Each structure stands twice: as structure tokens, then as C-alpha cells.
Amino acid sequence: MDRPVAVITGATSGLGRVAAFELARQGYRIGTVARSRSKAEALVTDLKAVTDEPVDVFHADLGLISDARRAGVEIAAHYPRLNVLVNNAGLHAFAQRITTEGLADMTAVNYLGPYVLTQALTSKLGASAPARVVNVASEASRQAKTIDPAQDLRRTDPYTRRESMPLYGRTKLMTIMWTQELARRLDADKVTVNCCDPGFNATGLGRDLPGSAALQRVLNTLKIGDPRKGAGIIVRLATDPALAGTTGGYFSARDARPLQCPEPGRDPRLQRELWDATTTLLARHPAR
């Protein structure tokens, strides 16, 4: 297998789909982690128009730690090398949902699943150096005014639609904090880790909101929230030679402008605290 490999989560729609097509056009063999078999099959069929390489599908629900871990093991075993991992899958839930593992679904999908998947693939990425990890965060991270890692990771209280935005933002703040802590722990000559704010995109992220499908059709018609803009920064972080060696960054979709991690998650000591609290939580969910 001569071509570089890029694995993208959430590639069956929105930003991830656009990024998958662009990376395929650039010569990458594409793998995706997907929950929906029908959507994954449609992606594979459509990608045949731009690549003659196989498209690999790893079926998993990234809201389940056990699934995320299993997918990582399968991906590591499947490829001789892995050059790019894009953690793009995301969820904005407008009411609390608890996974079968007892965790808040939004926290699990947006933060814990990507963390576990990346953890399972870190050795493969390091052995494939130079490799890159790209995590998709959000401007919504600024909506989180506080963070208490040990408590927030386990929080499963009910919430309203109005209360969902700062909670969604907190999961994206965790993504930025984790990205920066992971970057400090990895050798940047082997693996770089960066995250991005893709801007406003008309994607399926808020699919649980009543009327979301109709709203998305209107936005698409008006060409508002074009996911190609957000996907551009993902692809740039994954491939741009000018960003080789850049790690621990948080970048805007606007010309890859560097951004600061929002408060209250900017302090490296709190980022380490989040890392430690995550490690403790995951120890209660051992590999099966």
C-alpha cells in the first residue's frame, strides 16, 4: 500500500464528507469510522468517483468507549501505517441522553470517543511518522464559562434546549484542552496534534432540533454555512507542508488564523487535570 492513509470520523455527512473527498483527491486512501451502515455504503459508492483506492469502513458508535476502543484496535491492525487521523464526528444534543455505559451522550461522542480512539492509535501514528491528528472543536467552546473536569465528565443531569449550548461548548472546550495536553506529551517530530474552529456550517450536527432538516435546506439554498469552508481548515491542518511540525495549535477556518484556547480551559495545569480525570474515568471502562 503506497498511498498515505487518512482515517476520518463522521465522514458520512457535512464537514467530514467534504474533507474525505478532498483528501481522496490528494491521493490519500480513506478510512472512516461510522455508525450508520447505509450512510457509510453511500460514502464508499460516491468516493469511487474520485479514487480508485479502496475505502475502508470501521463500524462503531463513538458514544461508547468500548466501541471507540475496538475501532482503534481494528484500524491499527488493518493498516501498515496511518498518516492522518481526523476526529470530526460530533453531536449537539438538545436534551440529556445517557449511554448504556452510563455517560452523557454528548460528552461521550464529542470528547471521550475521540480521546479513546486516538489513544488506541497513538502507537500506530508514531510508527508512521510524520503523522498528524486533527480534532474538530468549535467557537461554541467560548460558551463554557466554567469547567470542573472530574465533575463535568460524569455529569448526567437533565437539561433544556436553551441550556444545551454551554454544555455542548464545554465538550468542545475539552477537545481543545485535550489537544494541547496531548501535543505536550507527544514528539512533534513524529506526531503533531492540532484542532480547529471550522466556523458556522450547515451540517447534520443539530439534527435533533425540530425542523433542522428544513432549516438546513434553506441554508443550503442560500449558500449559508457552506461546509466546504470548514472542511478547508481540516484538510489544511492534515496536509499543508507549511504546518508540518506545528502542534498544540487551535486554528480558525479564516486563513488558519491561530486562536487561543478559551478561558477557563487555557491553563496547562487545568489541561493536565482534565487528562488525569479522563484517565481515571476510562480506567472504570476497561477493554473487553
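The values are calculated or read from the model by the stated rules, or taken from the named source; none is laboratory data. Quick caveat: nothing in here was measured; it's all calculated off a predicted structure. Here the Cβ is made from the backbone with ideal geometry for all residues, glycine too, and neighbour counts use every protein chain on show. Note: areas computed on protein heavy atoms with side chains; ligands, DNA, RNA excluded. Shrake-Rupley method; radii C 1.70, N 1.55, O 1.52, S 1.80 Å.
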- Can you name every residue in region 7-35 that is within 23 Å of Val109 (Cα to Cα), in contact (Cβ under 8 Å) with a residue 40 or more places away in the chain and hydrophobic (A, V, I, L, M, F, W, C)? Val7, Ile8, Ala11, Leu15, Val18, Ala19, Val33
- Does region 226-246 contain at least one residue that is at pLDDT 95 or above and hydroxyl-bearing (Ser, Thr, Tyr)? yes
- Item | In region 28-41, residue most open to solvent (accessible area, probe 1.4 Å) [restricted to those that are in a loop (DSSP other than H, G, I, E, B) and within 30 Å of Leu153 (Cα to Cα)] | Arg35
- Message: Suppose we filter region 270-288 for residues that are crowded, with 17+ Cβ neighbours inside 10 Å and of a type in the set (S, T, N, Q); how many remain?
- Response: 2
- Could you tell me whether Ala76 is touching a Gly at 6+ places or on another chain (Cβ under 8 Å) and either at pLDDT 95 or above or part of a loop (DSSP other than H, G, I, E, B) (or both)? no
- Task: Please specify each residue of region 71-104 satisfying the condition of being touching a strand residue (DSSP E or B) at 6+ places or on another chain (Cβ under 7 Å) and of a type outside the set (A, V, I, L, M).
- Result: Glu74, His78, Tyr79, Arg81, Asn83, Asn87, Asn88, Gly90, Gln96
- Task: Could you please give the count of residues in region 128-147 that are open to solvent by less than 90 Å² (accessible area, probe 1.4 Å) and over 17 Å from Asn110 (Cβ atoms)?
- Result: 5
- Restricting the search to region 24-51, which residues are over 27 Å from Gly63 (Cβ atoms) and touching a helix residue (DSSP H, G or I) at 6+ places or on another chain (Cβ under 7 Å)? Gln26, Val50, Thr51
- Query: Taking into account only those residues within region 42-56 that are touching a strand residue (DSSP E or B) at 6+ places or on another chain (Cβ under 8 Å) and not in a loop (DSSP other than H, G, I, E, B), which is most open to solvent (accessible area, probe 1.4 Å)?
  - Reply: Val44
- Return yes when Val5 is open to solvent by less than 30 Å² (accessible area, probe 1.4 Å) and touching a Phe, Trp or Tyr at 6+ places or on another chain (Cβ under 7 Å) and no when it is not. yes
- Within region 237-264, the residues that are touching a residue at least 60 places away in the same chain (Cβ under 8 Å) and over 22 Å from Val86 (Cα atoms) are Pro264
- Message: If I filter region 70-113 down to residues being among the polar types (S, T, N, Q) and surrounded by 16 or more Cβ atoms within 10 Å (Cβ to Cβ), which single residue comes out as farthest from the chain's Cα centre (by Cα)?
- Response: Gln96
- Residues in region 148-164 that are open to solvent by less than 80 Å² (accessible area, probe 1.4 Å) and without any contact (Cβ under 8 Å) to a residue 60 or more places away in the chain total 2
